[in-house]
1. Which ordering of Asp65, Asp148, Asp89 is given by a fewest-first count of other beta-carbon atoms within 10 Å?
2. Which length gain, in nm to one decimal place, applies between Ala104 and Val83 when the Cα-Cα distance is subtracted from 0.36 nm times their residue separation?
3. What length, rounded to one decimal in nm, is gained on full extension from Thr120 through to Tyr140, with 0.36 nm per residue of separation minus their alpha-carbon distance?
4. In what order do Ile149, Ile107 fall by count of nearby beta-carbon atoms within 10 Å, going from fewest to most?
5. Obtain the nm distance between the two label points defined at Ile72 and Leu130 by a simple spin-label model: each point lies 7 Å from its Cα along the Cα-to-C-beta direction.
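Just so it is clear, none of the values below were taken in a lab; they were calculated from the coordinates. None of these values were measured; they are calculated from a predicted model. When we count neighbours, we look across all protein chains shown, and the Cβ atoms used for this are built from the backbone with ideal geometry, even at glycine.
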Amino acid sequence: MQNRGSKLNDPQPRVIFVNKRKDVLRYVNINAFMSQIFSPREQPNLDLKKLRWLAPLSGLLASIDNAVVYFITVKLMHLTLLVPGKGGDLIPLQLFHIVIACVAAGIGAGILLTFLMQRTEHPLRPFILLSCITLGLSFYTLIAFQMDITTRGVLALMHCIAAAWIIGVCVFFMKKRNTLPYGQSE
């Protein structure tokens, strides 16, 4: 018959620690204690200093690609992209609108990633999820405002290009690189 109250029959190895006063005994699970010492909580391999220049850089890269789409649409296809302006009037889309929007989105993504790095253990998954939700919500403006179908299609393409550049650059370059050859560990 097994005695359930006895500490001698405990299947987990334990050790007794005595404090400096030598009057208090404490049982500690030695497996849990050693696992906390030798395998600490996984910290994400992210570099916060890189984020200062990565966020605007990702916005600039997105604006360069969107400028290419803009020039193909406006100069080669001879289409005018009319977007809503002040008072609901339709105004032609200018290149500086594209650059400002892309850089602002990159900086916003950098602020979001900084916040997630400080608050969560693994910030990249929530960052990608929230960025994709934001991209989905940005398509609402294409539906809500009165624009022709070609403008909506070009702007949807520009939204997807900007999201791909901003999310891709932030996620790819925020991970620290392992410089050891393949198969070797530290």
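1. Working: Asp65 17, Asp148 12, Asp89 8.
Listed from fewest to most nearby Cβ atoms, that is Asp89, Asp148, Asp65.
2. Details: separation 21, 0.36 × 21 = 7.56 nm, distance 1.84 nm.
Stretched fully, the Ala104-Val83 segment lengthens by 5.7 nm.
3. Values: separation 20, 0.36 × 20 = 7.20 nm, distance 2.91 nm.
Once the chain is fully extended between Thr120 and Tyr140, it gains 4.3 nm.
4. Placing the least packed residue first, the sequence is Ile149, Ile107.
5. So the two model labels end up 3.2 nm from each other.
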